[in-house]
1. Express the C-alpha Rg of the range 183-228 as a ratio against the empirical globular expectation 2.2 N^0.38 Å, rounded to two decimals.
2. Dipole size in debye (nearest 20) for the chain around its Cα centre, Lys and Arg Cβ +1, Asp and Glu Cβ -1?
3. May I ask for the equivalent-ellipsoid semi-axes of the range 139-259, computed as the square root of five times each C-alpha gyration tensor eigenvalue and listed largest first in whole Å?
4. Under 19 Å from a label point 7 Å along Cα→Cβ of Ser2: give me every residue in the range 155-171 with its amide N that close.
5. Quick check: residue separation of Ala26 and Arg53 times 0.36 nm, minus the Cα distance between them. What number comes out in nm?
6. Probe radius 1.4 Å, ligands and nucleic acids ignored: give me the carbon and sulfur share of the accessible area of the chain as a rounded percent.
7. Tell me the accessible surface of Cys51 in square angstrom (1.4 angstrom probe, heavy atoms of protein chains only), to the nearest ten.
8. Using a probe radius of 1.4 Å on heavy atoms only, what accessible surface per residue do you get for the chain? Whole Å² is fine.
Amino acid sequence: MSFVPPGTGWPDDPATAATPVAADPAGVRELAGSSRDLAALTARQSVCRACPRLVAWREEVAEVKRRAFADETYWGRPVAGWGDEHPRILLVGLAPAAHGGNRTGRIFTGDRSGDWLFASLHRTGLAVQETSTYAGDGQRLVGTRMLASVRCAPPANKPLPEEKATCFPWMSREIALVAGSVRVVVALGGFAWQAMWPALREAGYALPRSRPPFGHGVEVEVSYGSAPVTLLGCYHPSQQNTFTGRVTAEMLDDIFARAVELAV
Ligand code: SF4
């Protein structure tokens with residue numbers, strides 16, 4: 001089998017064999033909307049099969065594998081949101097990597113971007129360990145939760161518009177379920193910045209009518225009920241960005257230190 005069957009002992013697997021499976025966009029809307037808590041939502045996210053192209057890709061990658069990981073079992077399923085259940089800080093990314101989250105089953109875990117990200121989160125007190133390498137490694141986020149706007153690894157890291165739309169209810173429901181505690185939302189990259197605005201609006205955030213352009217360090221004040229919330233832009237620590245020096249460790253640390261300051 002080219003994916004880990006739900007409820008078979010993978011560390012942190014949120015699903016069981018009884019978890020309902022979304023097979024199409026209507027199924028995603030129904031199952032996301034009826035999830036009363038994060039446990040139900042993440043379980044349902046993790047078994048979703050609503051995007052045929054992405055299901056085929058994630059399972060093919062899990063079957064063929066990269067040579068360096070040939071001896072490993074790949075997760076091969078959607079990568080659910082992960083972290084604190086009552087976070088002050090929410091990190092939003094675009095999609096898992098084929099040999100990162102799609103292999104380890106944990107968001108931003110097992111690829112170079114994640115290495116940069118977790119090292120910075122650890123330096124700024126938001127992660128208990130410096131690295132995140134596999135589910136069950138003891139890593140834990142502090143007052144922080146991570147989610148991707150598209151939950152399956154896409155070919156060439158590029159989900160199609162219809163795939164983003166199909167996956168949207170998983171993100172908007174997750175944002176709604178944690179909105180009561182969140183005071184800072186960090187977008188990792190311009191795609192995440194674009195994707196999160198409609199989800200924030202649907203979750204009940206009061207947002208400016210026009211969307212400010214994305215940039216590293218850009219801050220936008222919004223609100224949720226009577227609570228002030230800050231949206232914070234952060235360049236994505238992709239290999240291209242870190243190789244070229246467009247993103248440095250100090251730049252990431254500055255963003256997360258600022259997020260901590262705002263979240264207190
Ligand atoms: S991308 Fe989202 S909606 Fe599509 S199959 Fe994966 S989890 Fe389901």
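1. Values: Rg = 10.2 Å, N = 46, 2.2 N^0.38 = 9.4 Å.
Normalised Cα radius of gyration, the range 183-228: 1.08.
2. Values: 27 positive and 26 negative charges, 94 e Å.
With Lys and Arg at +1 and Asp and Glu at -1, about 460 debye.
3. Values: eigenvalues 96, 75, 40 Å².
Square roots of five times the eigenvalues give 22, 19, 14 Å.
4. 155-160
5. Details: separation 27, 0.36 × 27 = 9.72 nm, distance 1.69 nm.
Roughly 8.0 nm would be gained on extension.
6. Numbers: 6200 of 11540 Å².
That fraction is 54 percent.
7. 20
8. On the way: 11540 Å² over 264 residues.
Result: 44 Å² of accessible area for each residue.
The values are calculated or read from the model by the stated rules, or taken from the named source; none is laboratory data. Predicted model only: the values in this text are computed from it and were never measured. Cβ atoms come from the backbone with ideal geometry, glycine included; neighbour counts cover every protein chain shown. These area figures cover heavy atoms from the full protein model, side chains too; ligands, DNA and RNA do not enter into them. Shrake-Rupley method; radii C 1.70, N 1.55, O 1.52, S 1.80 Å.
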